[in-house]
Amino acid sequence: MGTVDTVDIEVKNVTMKFRLANERVDSIKEFIVKTLKRHLDYTDFYALKSVSFSIRKGERVAIIGHNGAGKSTLLKIIAGVLKPTEGQVTVNGNVAPLLELGAGFDQELTGAENIYLNAAILGKSKAYIDSKYDEIVEYSGLGDFIHTPLKNYSSGMRARLGFSIATRLDPDILIVDEILGVGDEQFRKKSTQTMINLMNSGKTVILVSHNTEQIKELTDRAIWLHKGEVKEIGDSHTVCDNYLAFLSSNQ
Amino acid sequence: MGSEMKKYITYLKTFRRYTFLLSLLVKKDVKKKYKGSFLGILWSLLNPLLHMLILMLVFSTLFETSIDNFPVYMLCGFLTFNFFASSTMASMNSVLHASHLINKIYIPKYIITLSTILSNFIFFAISLIDLVLIMIVTKADVTIHVLYAPIYLILLFIFSCGISLLLATVTVFFRDIEHIYGVLITALHFVSAIFYPPDIIPDKYQFVLSYNPVYYFIEGFRNSVYLGVAPQAANLLICVGLAMVSLIIGVLVFEKNQDKFILHI
């Protein structure tokens, strides 16, 4: 069990292949005709090509790269949403994907009911949610609105509720896709600060960001993805500088 | 062997972790079904009774001589068939409808399908009150063998789970199945001897009953509730077999394909 205690996330030779149909097939007739003529061809698109790395407990790691470099796919695989075509991902501890605030929110239910639903989707028990409920409501600052159906919320209020739930549930591993505060100006400041505090609280963090300054400040290591492959792994400062140099040389 | 064991233990642990979610999803389903309607959950009681009245008006004179206590006979078949039909029809779209969830976050996907079947089972359990009421009103004879009825209901539940998992999987890859299955259910409804006695089907067409899996459950349930006789060993065995085979196939097919769902929804 020795390694289990120290390694939180182990990504081994992960390859993700998507099949893209070259031509659109819009009807069954077309499908049958094309299949018979063997005209139905696909292009394999590799979003990730044998990516390997491991993240130790309490380590803060950034993932950088262009749009389409495979960052989101990698996050989805670590969060367990996507299954890689090849390779393995082992994750110890419960993951809070801050990529999707308020996943599974139901418009017809009240804010209070949605707290339970959303937390249960994250795999929490009733007793646990009971113990966190007041804290979540308090943090969200929604007050009496919490007993109103979600369909009457503004989008800012919804984001505040989602953020409050995700951050108050005390996850072991945080997956953050850009530190963007949510809600109005006041809540934005508060949520950005909370996010930074959480990242500094000794949890394992994976941060995807385009803000290299933030990465240098908040993370220990960085993984640079380029066209689905790991181009460099190492100290955040070094990798960020190399990445920036690469960007400017390519312009 | 060791790794197999470990796999099942992990399954059980994951299931336990998500039981609260399962209960919330079922509650949500139940709450939503009658939301905004004036009579609410009472419709679960009223609906079968209205159906029964219509069928009585249409058919009871037709089969008057061959079926005594038509209301109880018909309800036994109607309610059980209805549970099978509504639970499988609702669950075949369960995975598709949960795409907003599956695309964003990991949850065991069968939880979604299972919650749909469970909420339909609750509606079914409520509608069974009708059967009890009608049995009291018509002073139907009840024997000790009525105790076998729950066994048939549990078997039917398991059977429906298997079919639902299978359908939910197929629907993700082949949406046309929704329309095909709708027609199939209507056909099945007419060959389940719900509102007519099974023996009016001519001998050479009797095979349609024996090819209809749902009919075995209806027959068994009717034996214990309506006829008040002990279950026939053959019938009970067939029901157990159907439930097991359906569940195993459903789970295997679902399990094998669930990682691909996200690429198709």
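The values are calculated or read from the model by the stated rules, or taken from the named source; none is laboratory data. This one's a predicted model, so the numbers in the text were calculated from it and none came from an experiment. Cβ placement follows ideal geometry from the backbone for every residue including glycine, while neighbour counts extend to all protein chains displayed. Please note that ligands, DNA and RNA were not included when accessible areas were found on the heavy atoms of the full protein model with its side chains. Shrake-Rupley method; radii C 1.70, N 1.55, O 1.52, S 1.80 Å.
Out of residues 5 or more away from residue A:153 or on other chains, whose amide H comes under 5 Å of its own, with H placed 1.01 Å from N in the peptide plane?
When sequence neighbours closer than 5 places are left aside, there are no close amide H contacts.
For the range A:57-63, just list the computed ³J(HN,Hα) in residue order, Karplus coefficients 6.51, -1.76 and 1.60, θ = phi - 60°, integers in Hz, with x standing in for Gly and Pro.
4, x, 7, 10, 10, 9, 10
Arrange the residues B:131, A:122, B:166 by how much accessible surface each exposes, largest first, with a 1.4 angstrom probe. Could the numbers behind the result be given before it?
Working: B:131 10, A:122 35, B:166 55 Å².
Descending order: B:166, A:122, B:131.
Considering only DSSP beta bridges where both residues belong to the protein assembly as shown, give the percentage that are antiparallel (nearest 5). Mind showing how you got there, number by number?
Details: 23 of 39 bridges.
For the protein assembly as shown, the DSSP antiparallel bridge percentage is about 60.
Go through A:189/A:231; B:104/B:260; B:31/B:256 and tell me which ones have a Cα-Cα distance over 23 Å in this structure. Don't jump to the answer; show the numbers that get you there.
Numbers: A:189/A:231 34 Å; B:104/B:260 14 Å; B:31/B:256 33 Å.
Distance filter (> 23 Å) returns A:189/A:231; B:31/B:256.
Once you list every other residue whose beta carbon is under 14 Å from the beta carbon of residue B:28, what net charge do they have if Lys and Arg are +1 and Asp and Glu are -1? Numbers along the way, then the final one.
On the way: positive: B:27, B:31, B:32, B:33, B:35; negative: A:106, A:108, A:113, B:29.
Here the count lands on +1.
At what distance in nm do the modelled label points of residue A:241 and residue A:13 sit from each other, each positioned 7 Å from its Cα along Cα→Cβ?
3.5 nm
DSSP beta bridges in chain A, what fraction antiparallel, as a percent rounded to 5? Walk me through the numbers on the way to the answer.
Working: 23 of 39 bridges.
Roughly 60 percent of the beta bridges in chain A run antiparallel, per DSSP.
What is the angle, in °, between the Cα long axis of helix B:149-173 and the longest principal axis of the Cα atoms in chain B? Nearest 10 is fine, range 0 to 90.
50 degrees
Which residue, A:76, A:151, A:203, tops the fluctuation ranking in a GNM of chain A built on C-alpha contacts under 10 Å?
Highest fluctuation of the listed residues: A:151.
Considering the Cα trace of chain B, what is its radius of gyration and what is Dmax, both in angstroms?
19.7, 64
What is the angle, in °, between the Cα long axis of helix B:233-257 and the longest principal axis of the Cα atoms in chain B? Nearest 10 is fine, range 0 to 90.
Roughly 30 degrees between the two axes.
Which positions within the range B:98-138 get 30 Å² or more of their accessible surface covered by the other protein chains, compared to the chain by itself, with a 1.4 angstrom probe?
SASA drop of 30 Å² or more in the range B:98-138: B:101, B:103, B:104, B:105, B:106.
The range B:169-194 to the range B:237-260: how many Å between their Cα centroids?
One Cα centre to the other: 17 Å.
Roughly how big is the protein assembly as shown's charge dipole about its Cα centre, with Cβ charges of +1 (Lys, Arg) and -1 (Asp, Glu), in debye to the nearest 20? Please report the intermediate quantities before stating the final value.
Numbers: 49 positive and 45 negative charges, 108 e Å.
My answer is approximately 520 debye.
Could you run the numbers on buried accessible area between A and B, total for both chains, 1.4 angstrom probe, in Å² to the nearest 100? Kindly include the intermediate steps, with their values, before the conclusion.
On the way: alone 13420 and 14650 Å², together 25910 Å².
The contact between B and A buries close to 2200 Å².
So which lysines can residue A:57 reach, going by Cα to Cα under 18 Å and dropping same-chain residues fewer than 8 places off?
Candidates past the 8-residue exclusion: A:12, A:203.
Relative to 2.2 N^0.38 Å, what does the C-alpha radius of gyration of chain A come to as a ratio? Two decimals please. Spell out each step's value before the answer.
Numbers: Rg = 20.9 Å, N = 251, 2.2 N^0.38 = 18.0 Å.
Compared with the compact-globule rule of thumb, chain A sits at 1.16.
Relative to the longest principal Cα axis of chain B, at what angle does helix B:110-137 sit, 0 to 90 degrees, rounded to 10?
20 degrees
Would you tally the net charge around residue A:90, using a Cβ to Cβ cut-off of less than 12 Å, leaving residue A:90 out, and scoring K and R as +1, D and E as -1?
Details: positive: A:12; negative: A:8, A:10.
Its environment carries a net charge of -1.
Ignoring any ligand, DNA or RNA, what whole percent of the accessible area of chain B comes from carbon and sulfur when the probe is 1.4 angstrom? Before the final figure, lay out each step's value.
On the way: 9670 of 13550 Å².
Reported share for carbon and sulfur atoms: 71 percent.
For chain B, report the accessible area per residue in Å² (1.4 Å probe, heavy atoms, rounded to an integer).
On the way: 13550 Å² over 265 residues.
Using a 1.4 Å probe on heavy atoms only, each residue of chain B averages 51 Å².
Can you give me the long-range amide H partners of residue A:229? Hydrogens built in the peptide plane at 1.01 Å from N, cutoff under 5 Å, separation of 5 or more residues or another chain.
A:49
Could you give log10 I(q)/I(0) at q = 0.10 Å⁻¹ for the range B:164-264, computed by the Debye formula over C-alpha point scatterers of equal weight, without solvent?
Here the Debye-derived log intensity ratios amount to -0.39.
Using a Gaussian network model on chain B with a 10 Å cutoff between Cα atoms, which of B:148, B:11, B:211 fluctuates the most?
The residue that fluctuates most here is B:11.
List the residues of the range B:19-34 that lose 40 Å² or more of accessible area once all protein chains are present, compared with their chain alone (1.4 Å probe, heavy atoms only, no ligands or nucleic acids).
B:20, B:21, B:24, B:28, B:31, B:32
For the range B:49-60, in order, what is each residue's ³J(HN,Hα) by Karplus, 6.51 cos²θ - 1.76 cosθ + 1.60 with θ = phi - 60°, in whole Hz (x at glycine and Pro)?
Result, ordered by residue: 5, 5, 4, 4, 4, 4, 4, 5, 4, 6, 9, 4 Hz.
Amide H neighbours of residue A:64 under 5 Å, counting only residues 5+ apart in sequence or on other chains, H built in-plane at 1.01 Å?
A:223, A:224, A:225
At a 1.4 Å probe, what is the % contribution of carbon and sulfur to the accessible area of chain A? List each step's numbers first, then the result.
Numbers: 6080 of 12360 Å².
Carbon and sulfur: 49 percent of the exposed surface of chain A.
Return the distance in nm (one decimal) between the two label points of a simple spin-label model at residue A:210 and residue B:57, each offset 7 Å from Cα along Cα→Cβ.
Taking the simple label geometry, residue A:210 and residue B:57 are separated by 6.6 nm.
In Å², and per residue, what accessible area does chain A have when probed at 1.4 Å with the other protein chains present? Kindly include the intermediate steps, with their values, before the conclusion.
Working: 12360 Å² over 251 residues.
Here the per-residue accessible area is 49 Å².
Of the trypsin sites (Lys or Arg not before Pro) in the range B:156-265, which ones lie in a loop per DSSP and count no more than 13 other C-beta atoms within 10 Å?
Working: sites: B:175, B:204, B:222, B:256, B:260; in loops: B:175.
Qualifying residues, ordered by number: B:175.
Would you mind getting the Kirkwood hydrodynamic radius of the protein assembly as shown from its Cα pairs, rounded to one decimal in Å? Numbers along the way, then the final one.
Values: mean 1/r = 0.0377 Å⁻¹.
Radius from the Kirkwood sum: 26.5 Å.
Take the Cα coordinates of the range A:118-251, assign each an equal point scatterer, and use the Debye formula without solvent to give log10 I(q)/I(0) at q = 0.09, 0.11, 0.13 Å⁻¹.
-0.36, -0.51, -0.67
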